[in-house]
Amino acid sequence: MPHLGVYTSRGGHIFPYAWRLEGALVLIFFTLTACASRHIVDGFLVDEARGFRIPMLRDGWRQLEVEGTELAFRAEPGGQVAALLVNCEEEQPTALRLLARRLFFGISSKQVVAQNVISLNGTEAVHTLLTGRLQETPVMVSSYVAKAGECAYDLVYVASPEAFQDRLAEFERFAKGWTLTAKGSKLK
C-alpha cells in the first residue's frame, strides 16, 4: 500500500496520525476480502478461501457465534450443539486418529463407543462416537474429522445422553453434506 499522506489546499502537510488510518484501511481490506470469500448459496455456507461447502441447519436450530468455530448451531428446544471447526494455521498431524483425539480435550471420563475410518464425500475421515463428562455434565459426542491439504475439518455434535438421538439424523445430514471444493472457486 502506498504511503498515506494528506495535504491541505494551502500547501500544509497533515501527517501525525495518517499511519493509523493506513493500518486501519489494511485491516478493513483483509476483513472484507475474508467476508467476500464466505457466502450462503441455496442453503449452503460456501467458503471459497478454504475450499469447502456445508449445509446450514434450519428448522429448530439457531446459529451461534462461538469463538474457534466456523459455524455453530444450537437446537431449540433440546440444547444439542452442532459445529464445524476448521484449522488451517498450524501443521496438522498426519494421522486422522491423532486429530480426532485432540478434539476431545476437556472431556473427562471418555469412553469411545465406536471409531472407524470412512469416506466423507470422497475425503477420508475418522468418525468417533463417545461418551464422557463436560464440566461434570454427562455428554455424548459424534464427530467426523477430515484433513485436506493444510486444513483439518472437525464436524461435531454434542448432546446429553437423553437428547442425543433426537437430533442426530439432522447432524448426520449436516456432516455428510460437507464437501471440499476447489479453493478460489466461485460457487453461486
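Sticking with the crude label model, points 7 Å out along Cα→Cβ, report the distance from Glu91 to Gln115 in nm, one decimal please.
2.3 nm
Could you list which residues have their amide H under 5 Å from that of Glu124, counting only those 5 or more apart in sequence or on another chain, with H placed in the peptide plane?
Amide H to amide H, under 5 Å and 5 or more residues apart or across chains, Glu124 pairs with nothing.
Dipole of the stretch 144-183, Cα-centred, from +1 at each Lys and Arg C-beta and -1 at each Asp and Glu C-beta, to the nearest 20 debye? Before the final figure, lay out each step's value.
Working: 5 positive and 6 negative charges, 49 e Å.
Once rounded to the nearest 20, the dipole reads 240 debye.
Report the extension gain between Glu67 and Ile107 in nm, rounded to one decimal, defined as 0.36 nm multiplied by the number of residues separating them, less their alpha carbon distance.
Gain in length upon complete extension: 12.6 nm.
A short reminder: the numbers here are calculations on the coordinates, not readings from a lab. Since we're looking at a predicted model, the values are computed, not measured. Because the Cβ atoms are built from the backbone with ideal geometry, glycine has one as well, and the counts that use them run over all protein chains shown.
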